[in-house]
1. In whole Å, what are the extents of the range 68-109 along the principal axes defined by its C-alpha atoms, from largest to smallest?
2. On a full-extension model of 0.36 nm per residue, what is the gain between Ile120 and Asp75, subtracting their alpha-carbon distance, rounded to one decimal in nm?
3. If you take every residue apart from Arg103 with its C-beta less than 14 Å away from the C-beta of Arg103, what net charge results, scoring Lys and Arg +1 and Asp and Glu -1?
4. Roughly how many percent of the accessible protein surface of the range 90-131 is carbon and sulfur, given a 1.4 Å probe and a whole-percent answer?
5. How many nm separate the modelled label positions at Val127 and Ile91, each set 7 Å beyond the Cα in the direction of the Cβ?
6. Calculated FRET efficiency, Glu100 and Ala19, Cβ-Cβ r, R0 35 Å, to nearest 0.05?
7. Provide the net charge surrounding Lys116, with neighbours chosen by a C-beta distance below 14 Å and charges set as Lys +1, Arg +1, Asp -1, Glu -1.
Amino acid sequence: ESVPEVYQGELIMGEENEAGTIRISENVIAAVVRKYTLEVEGVIGFAGAGFVGGLTDMITRRHYEHSVTVDIEGDAVNITVTLILEFGVRIPAVAQTVQETIRSRVEELTGKQVTKVEVIVQDLQEVPLPGAEQTPKAISE
C-alpha cells in the first residue's frame, strides 16, 4: 500500500514491502523531469520566475524549482513544466513529445503512475546557427 508521508518538509511517496519501505521524494521526480525534458528536440530550457526570482535562482542555482511542479496524490503523480521552446518548432508536437517523455520516464524509473503532465510554453528563443558569429567583429585601423 502506498502512503504519502512528510519527510524533512517534502511530500514523498512511501511503499511498504517485505524488506522495508521505499521512499521517493518529489525532488527525485523533478530531477527525472528536468533531465529528460531537456533532451526533447525543440526544448531550449525551463522558464524562469521573473527578474527577482531569476536573481535568486542564479545565486542558489535552483532555477528549475519554479519551472517544474510535482504534486503527489496517493499513488498518482501530476507534473507541470514551464518551458522555453526553440523558435520555429511546431509547438503542439514538441509539447506532446515532452508529455510522453515525462510520463514514460517517470513511470519507468519510479514505478509510479503519472496521471497528468501539463506543459506551459512561456517563451520562444532563436537558436544561433553553428558557426555563426556570437560577438561583433572589432574594427581594425
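The values are calculated or read from the model by the stated rules, or taken from the named source; none is laboratory data. All figures in this text were calculated on a predicted structure; none of them were measured in a lab. So basically every Cβ, Gly included, is an ideal-geometry build from the backbone, and we count neighbours across all protein chains shown. We work out accessible area using only protein heavy atoms, side chains counted, and drop any ligands, DNA or RNA first. Shrake-Rupley method; radii C 1.70, N 1.55, O 1.52, S 1.80 Å.
1. Ordered largest first, the range 68-109 gives principal extents of 39, 18, 14 Å.
2. Result: 13.8 nm gained on full extension.
3. Counting the neighbours of Arg103, the net charge comes to -1.
4. Ligands and nucleic acids excluded, carbon and sulfur reach 48 percent.
5. Modelled inter-label distance: 1.8 nm.
6. According to the calculation, E is roughly 0.60.
7. -4
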